[in-house]
Structure formats: C-alpha cells, structure tokens
Amino acid sequence: MAIKIPIAVQTTAITTSCITENIIKYNWYKADFELMQTLLDSVDWLSLFCFNPSALCMWNALMSVLRDVIDVYVCAIDCTDH
C-alpha cells in the first residue's frame, strides 16, 4: 500500500521575455541509474538531516544532492531557442 503525500511548492510567474537561462532537457534513456544509485547510497543522509534541521534547508540540501547526481550521470541537451 502506497501513501501519497501532496507537496505544495511556491512558484513565481515568469514571462517568456524575462527568461535568460538555458533550458536543459535530460535524456533519461541514456542515464546511468546504477551509478546514480551507488552515489546516492554513499550520501551520509543522517548528517544531511542533522545539519539542515528546517524543512526549507533540508529541501535545498536534498535538491542540491539530486541536481549534482543528475548533472553527472544524465546526458543533457541544450534546448535554448536562438
């Protein structure tokens, strides 16, 4: 039995004329999931929770770890319109 927990995330409206960052599309078919799992298994999650006691700090730390893993093990394609 799975428990589903909805998460609300605050977002900011951005018009297309304000977007200056590159849009990255990830090719998940070419991702190395075994190495991603190995790297995630090596994270000291207890320390991550300990040094990030608030929900916001923990969320930012978790997202930082996940982004680093994705950047290393998932091929990215630059999708910026020229």
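The values are calculated or read from the model by the stated rules, or taken from the named source; none is laboratory data. Only a predicted model underlies this, so the values are computations on that prediction, with no experimental measurement involved. Positions of Cβ are backbone-derived with ideal geometry, glycine not excepted, and every protein chain shown enters the neighbour counts.
In segment 7-53, the qualifying residues are those that are exposed (fewer than 10 other Cβ atoms within 10 Å of the Cβ), closer than 16 Å to Arg67 by Cβ and not β-branched (Val, Ile, Thr), and the one that is modelled with the highest pLDDT is Asn22. Of the numbered criteria (1) in contact with a strand residue (DSSP E or B) (Cβ under 6 Å, 6 or more places away or on another chain); (2) surrounded by 12 or more Cβ atoms within 10 Å (Cβ to Cβ), the one Ile77 fails is (2). Considering the conditions (1) at pLDDT below 90; (2) under 26 Å from Ile77 (Cα atoms); (3) of a type outside the set (Val, Ile, Thr), Leu66 is excluded by exactly one of them, (1).
Residues in segment 28-81 that are free of Cβ contacts under 8 Å to residues at least 12 places away in the same chain and touching a Phe, Trp or Tyr at 6+ places or on another chain (Cβ under 7 Å): 1 in all.
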